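To start, the structure under review is shown below, and the notes come after it.
The values are calculated or read from the model by the stated rules, or taken from the named source; none is laboratory data. What you see is a predicted model, and the numbers here were worked out from it, not measured in a lab. Here the Cβ positions follow ideal geometry from the backbone for every residue, glycine too, while neighbour counts run over all protein chains shown.
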Amino acid sequence: PSAGETILEVDAATKKFGGLVAVGDVSLTVRTGEILALLGPNGAGKSTMFNLISGVLPVTSGTVRFLGQAIGKLEAHDIARLGMSRTFQHVKLLPHLTVLENVAIGAHLRGHAGILRSSLHLERREEDQLLAEASRQIDRVGLTANKHLLAGSLPLGDQRIVEIARALAADPCLLLLDEPAAGLRFKEKEALSDLLRKLRAEGMGVLLVEHDMDFVMGLVDRIVVMEFGQKIAEGLPAEIQANPVVLEAYLGS
Ligand code: ADP
Ligand code: MG
């Protein structure tokens, strides 16, 4: 995609779980070289929105377009192959594998339907290519010195960055991050912000879900705020910060 092009277009997405409207008629767009934050109190529907975009859950109604293609009926691995990578709120690294091995798993997702099937049948040459690609991504995120350490031995902030490297290894143009700053120390949040700024400058589109308002305010280009499954506000960080409806949602939670 070219600079400033809209790569993700969600139009009136709705997801119902039985009688519960987890996401109701929410629309948003993301361009290349843009960081959009999806903000909102717990239970607002942020993770569900991510699952709709990345194909983990089918929409009840509405459309999701990625790179001009309707992806509402595609499987998650097909969407990943088109160039959308995500991290999960609760799925973490494999702690007993090295950083390099964890990231190589991400490199592998781009070309194949499943990790399990393919990891059992890797050709030697293919394995070398995956490790080389993983190594490049680890350098890109600044963790070169940690390549051969066990992922579980790293501080949480570095583990989060390895998760991003793993997502990058699938060669995405859109990165979806579910609560990347959760549980991090101040310095770790700064390192994470620096990395996301660098990726943005390289043209990456980033959609991140956050509960932490302070983290997103100095970083992102635009914010969409959800509460109880609805979009309650959208705008620049300064506009969102001054929006009484948003303050009410946060104070009330
Ligand atoms: P957030 O990520 O903003 O905290 P979620 O998207 O996880 O919010 O949840 C939104 C609402 O949908 C919550 O009320 C939650 O309990 C409900 N929910 C999420 N996933 C499911 C599911 N698989 N089945 C039933 N209800 C769900
Ligand atoms: Mg969530």
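Some observations on this one:
- Number of residues in the range 182-222 that are β-branched (Val, Ile, Thr) and within 16 Å of ligand 2 (Cβ to nearest atom) equals 2.
- Neighbours by Cβ (under 6 Å, 6+ apart or cross-chain): first from the range 221-238, closer than 9 Å to residue 249 by Cβ; second in a strand (DSSP E or B) and more than 16 Å from ligand 2 (Cβ to nearest atom): 225/232; 225/233
- Here residue 19 passes the criteria (1) within 16 Å of ligand 1 (Cβ to nearest atom); (2) without any contact (Cβ under 8 Å) to a residue 40 or more places away in the chain; (3) closer than 27 Å to residue 212 by Cβ except the one numbered (3).
- Unique match (being within 16 Å of ligand 2 (Cβ to nearest atom) and assigned to a strand (DSSP E or B)) among 12, 44, 37: 37
- In the range 46-57, of all residues being of a type in the set (A, V, I, L, M, F, W, C) and within 9 Å of ligand 1 (Cβ to nearest atom), the one that is surrounded by the most Cβ atoms within 10 Å (Cβ to Cβ) corresponds to 49.
- Residue 2 meets all of the listed conditions (1) in a loop (DSSP other than H, G, I, E, B); (2) of a type in the set (Gly, Ala, Ser); (3) surrounded by 19 or more Cβ atoms within 10 Å (Cβ to Cβ) but one, namely (3).
- Residue in the range 58-73 that is away from ligand 2 (no atom under 16 Å from the Cβ), closer than 22 Å to residue 201 by Cα and buried (at least 20 other Cβ atoms within 10 Å of the Cβ) present: yes
The rows are residues; the columns are (1) within 13 Å of ligand 1 (Cβ to nearest atom); (2) surrounded by 21 or more Cβ atoms within 10 Å (Cβ to Cβ); (3) closer than 25 Å to residue 193 by Cα.
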| position | (1), (2), (3) |
| --- | --- |
| 29 | no, no, yes |
| 35 | no, yes, yes |
| 44 | yes, yes, yes |
| 76 | no, no, no |
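For every residue, the table says whether it meets (1) modelled with pLDDT under 95; (2) among the charged types (D, E, K, R); (3) not in a loop (DSSP other than H, G, I, E, B).
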{"residue": "49", "(1), (2), (3)": "no, no, yes"}
{"residue": "58", "(1), (2), (3)": "yes, no, no"}
{"residue": "62", "(1), (2), (3)": "no, no, yes"}
{"residue": "65", "(1), (2), (3)": "no, yes, yes"}
{"residue": "100", "(1), (2), (3)": "no, no, yes"}
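- Among the residues making up the range 180-210, those that are surrounded by 14 or more Cβ atoms within 10 Å (Cβ to Cβ), among the small types (Gly, Ala, Ser) and part of a helix (DSSP H, G or I) are 191, 193.
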